[in-house]
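Each remark here refers to the structure printed beneath this line.
Values quoted throughout were computed directly from the atomic coordinates according to the rules given, and no laboratory measurement underlies them. As the structure is a prediction and not an experimental result, all values here were calculated from the model. With ideal geometry, Cβ positions are generated from the backbone for all residues, glycine too; neighbour counts draw on all protein chains shown.
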Amino acid sequence: MNLKYPVTLEASPEGGYFIEIEDLPWCYSQGETVEEAIEMIEESRRLWLESAYEDGIDIPLPRNLEQYSGKFNVRVPKDLHRKLDRLAKRQGVSLNQFLVSTLSEAVGRKGAEKGKASGKR
């Protein structure tokens, strides 16, 4: 099976790299170098797909990254909207820039927590 799955590669604070295929649950690996991490995830992908096939588990198709436009709507309480706008102005940036930065930081922290909780590095 020659499906091309996108991977997520993150540098570990302790050194090395963590890599995963989000479309395949629990399919992740690590390596000391980027090249090693990529080699390791290819092996993990192969084993994951073989096991799923042998066990009769549905194999998900790779997601289409083009489906994400970079835009989405969020409804928030008026008071939160006001507070976010005030924080953005204090930092001298637009509300959009402030939200992108804040969301990026939160996602980074969640990724680090996920790695620590599962013993990944």
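Things worth noting here:
- Residues considered: Arg86, Arg75, Arg45. Largest GNM mean-square fluctuation over the chain, using C-alpha springs under 10 Å, is found at Arg75.
- Gyration tensor (Cα) of region 1-65, equivalent ellipsoid semi-axes in angstrom: 23, 12, 9
- For the chain, alpha-carbon Rg relative to the globular expectation (2.2 N^0.38 Å, N residues): 1.38
- Springs between Cα atoms under 10 Å define the GNM used for the chain, and in it the highest mean-square fluctuation of Asp79, Asp58, Asp23 occurs at Asp79.
- Within a Gaussian network of the chain (alpha carbon springs, distance under 10 Å), most fluctuating of Ile19, Ile41, Ile59: Ile59
- Amide N proximity, region 69-89 versus Glu105 label position 7 Å along Cα-to-Cβ, cut-off under 18 Å: 80-89
- Fewest-first sequence of Tyr68, Tyr17 by Cβ atoms within 10 Å of each Cβ: Tyr68, Tyr17
- Between Gln97 and Ile38, the contour length at 0.36 nm per residue exceeds the alpha carbon distance by 18.0 nm.
- Annotation: the residues Val74, Val34, sorted from fewest to most other C-beta atoms within 10 Å of their own C-beta, follow the order Val74, Val34.
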